1. May I ask you to order 270-281, 229-240 by the average number of other C-beta atoms within 10 Å around their residues, highest value first?
2. Would you mind counting up the charge near His206? Only other residues with Cβ under 13 Å from its Cβ, with Lys and Arg at +1 and Asp and Glu at -1.
3. I need the semi-axes of the equivalent ellipsoid of the stretch 168-214: take the C-alpha gyration tensor, multiply each eigenvalue by 5, square-root it, list largest first in whole angstrom.
4. For Ala39 paired with Gln345, estimate the spin-label separation in nm (one decimal), with each label point 7 Å from Cα along the Cα-to-Cβ line.
5. Mind giving me the nanometre distance, one decimal, between the label points for Ser99 and His199, set 7 Å out from Cα along Cα→Cβ?
6. Label Ser285 and Leu323 with points 7 Å out from Cα along Cα→Cβ: what is the distance between them in nm?
7. What percentages make up the Cα-Cα pair-distance distribution of the chain when the bins are 10 Å wide from 0?
8. Counting helices only, and only those DSSP H runs with n ≥ 4, report the 222 nm mean residue ellipticity of the chain as the sum of -39,500 (n - 2.57) divided by its residues, in deg cm²/dmol to the nearest 500.
Amino acid sequence: MTPCRIESDRGIVKILVNEACSGILSRSPSALEEIDWRAQLRQAFRRPGELLAFLGLDGDSDTHEGNPTFPMLVPRAYANRMQRGNRHDPLLLQVLPNSSEQVPVPGFISDPVGDGQSRQARGLLHKYHGRALVISTGACAVHCRYCFRQHYPYANDHAGRDLKPALAYIEGHPDITEVILSGGDPLMLDTARLGELSHSLSDIEHIKRLRIHTRLPVVLPDRVDKDFCAWMGALPWPVVVVIHANHAAEFDSNVDGAASRMRAAGAHLFNQSVLLRGINDHEDSLVELMERSFAAGVVPYYLHMLDRVEGAARFDISIERALQLHERLRLRLPGYLVPRLVREQAGAPYKLPVL
Ligand SMILES: *Cc1c(COP(=O)(O)O)cnc(C)c1O
Ligand code: SF4
């Protein structure tokens, strides 16, 4: 057994816990939060067979490791919300690799939204007026099988190590008033690193808002710990956090907790979802998602058509079906719970409304 030990990394104390002392230490959870989400990440499911066994399901001929450059990754906190014995669980289907991922489908390409053509500096995309998107890291806590950035060349193109080119670009463009931290998932960075990033940005006077797009509050809610909330609460700009949840079952009391901590730190919370065949392409499921999201303090923002990325064809639904579903949402929900139905088009000046 590896011994318990304490490490210090740029001012952050990490306590590495073994089984023998974890029982004692777990009595003071606040001291452990910093290691907790990292430790949870290390324990994430990485083999489909393991996840299926955890859910009491057999691997069958369709159990597949998927695209080797985008292997399965599922935190246990997320897997815990899946229904045991249900092969069609809407959370499971979002993350379980499938042999169809390796089969080319016409129209499904590696960069469907034209990220490549809006790249302006290392780790910086500038596509929409006034907003610059910083690819702050290539890492995520979960690998969503429908992800439009699953083929993005992160290894050579994120701002994680060297922010200077991205900062220089923002500095040179006074029309950029909003910086969007994206990725990958910006919450995969340590809070200390986020602090360095926001510190550099705070020297740029034309920035008025900071936006963070993240799935961590949903798939690993313990990431929203005290240090992170203290960082967020001290930022010099209004902060918008856009979380990504596609199904009501993705919310539980831990997600509610993460959302309320972020709200207490002053963040405005929105949710963005993708319409996914077999997962949420049903009006009751969508109504429930919008209501559940709002109950957590998160306002529905976008409902996206699937970006037609290589490997994700099994999730696609037609525009006609999407419009029907959206109409049902208008009929059943107050206006502020009806997300904007949009699709991304390479080269378009904003996310296009689906009409
Ligand atoms: C989606 C997106 C944005 C933000 O668009 P909003 O409509 O403001 O949410 C900014 N930059 C890029 C590259 C995007 O893909
Ligand atoms: S968390 Fe977001 S960026 Fe990461 S795999 Fe999922 S959809 Fe893609």
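Read the figures in this text as sums done on the coordinates, not as results from a lab. The model shown is predicted, which means the values in this text are computed figures rather than measured ones. Note: ideal-geometry Cβ built from the backbone for every residue, glycine included; neighbour counts use all protein chains shown.
1. Numbers: 270-281: 20.9, 229-240: 15.4.
Result, highest mean Cβ count within 10 Å first: 270-281, 229-240.
2. On the way: positive: Arg131, Lys208, Arg209; negative: Glu171, Asp175, Glu178, Asp203, Glu205.
Computed value for this residue: -2.
3. Numbers: eigenvalues 75, 29, 14 Å².
Ellipsoid semi-axes (Å, largest first): 19, 12, 8.
4. 5.1
5. About 5.3 nm, to one decimal.
6. Label at Ser285, label at Leu323, 2.2 nm between them.
7. Cα pair-distance distribution for the chain, in percent: 5, 23, 34, 27, 9, 1, 0.
8. Working: 13 runs with 110 residues, N = 355.
Helices in the chain give a 222 nm mean residue ellipticity of -8500 deg cm²/dmol.
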